[in-house]
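Taking it in order: structure first as C-alpha cells, then the write-up.
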Amino acid sequence: MERSLDVERRGARLRALLIDPYAGSREGLRVSLEAEGCLVEATADAPRALALMRAGGFDLAVIDLDFSPARGIAQSAWGLARLFRVFNPGAPLVLLAAELRRDLEIEAACVGATLVLEKPINPARLLAVVRQLRTETAQG
C-alpha cells in the first residue's frame, strides 16, 4: 500500500484524519486512535477537513457519514470521502454509519472504503485496522 508521507520520519506514528460531526464521538475516537499511537487531526468542519486533505500525508481517515447540511457543512460525507481518496489515494478509509444497508455498502465500495463500521462503534474493530496498517508499514 503506497504511503504519501514517510512514516519512518515520524517514528512509525500513523497520521489519521477524523471527521465526525458529534463532539462526544469525535473525542472518543480521537482518544482511541491516539492511545494506539496515531497522530490525529479531528474536525467537524468541512472546510478544515478539505484543507487538511489537500495537504495530504494521511495514513488513515475515519469519516462519519452523518453529516447534515443543517450543521452548516456544505460538503456531504460522501463528497469528503471521495476527496480524501483523491488527495490520499493509498490510505485506508473507514466510514461510520448509523446502520449498514446494501446501498450504503455499494456506495462505500465505490469510494474505495476499507471498512464500514456501524454505530455504536466497536473501537476494537477500528483499532484492528490501525494495527494492520502499522504492520504493513513496518514490513514495507
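General observations
- Helix-derived mean residue ellipticity, 222 nm - over the chain, DSSP H n ≥ 4, -39500 (n - 2.57), to 500: -13500 deg cm²/dmol
- Summing Cβ point charges (Lys, Arg +1; Asp, Glu -1) relative to the Cα centre of the chain gives a dipole of roughly 240 debye.
- The chain: most fluctuating residue of Pro120, Pro92, Pro21 per GNM, C-alpha cutoff 10 Å: Pro120
- Per residue, the accessible area of the chain comes to 49 Å² when a 1.4 Å probe rolls over the protein heavy atoms.
- Note on Ala138 and Glu99: the model spin-label points, each 7 Å out from Cα along the C-beta direction, lie 4.0 nm apart.
- Shape annotation for the chain: C-alpha extents along the principal axes are 41, 29, 29 Å, from largest to smallest.
- Build a GNM of the chain with springs between Cα atoms under 10 Å apart, and of Gly24, Gly57, Gly112 the one that fluctuates most is Gly24.
- Interchain or long-range residues, amide H under 5 Å from Leu39's placed H: Leu14, Arg15, Ala16
- Glu118-Val31 FRET efficiency (beta carbon distance; Förster radius 22 Å; 0.05 resolution): 0.60
- The GluC sites (Glu not before Pro) of region 85-123 meeting both criteria, a DSSP state outside H, G, I, E and B (loop) and at most 10 other C-beta atoms within 10 angstrom of the site's C-beta, are Glu99.
- Charge-dipole axis of the chain as Lys and Arg at +1 and Asp and Glu at -1 on Cβ define it, positive-most pick from Ala55, Leu104, Thr43: Ala55
The values are calculated or read from the model by the stated rules, or taken from the named source; none is laboratory data. What you see is a predicted model; the values in this text were computed from it and never measured. Don't worry about glycine lacking a Cβ; one is built from the backbone with ideal geometry, like all the others, and counts go over all protein chains shown. Only protein heavy atoms, including side chains, enter the accessible area calculation; ligands, DNA and RNA are left aside. Shrake-Rupley method; radii C 1.70, N 1.55, O 1.52, S 1.80 Å.
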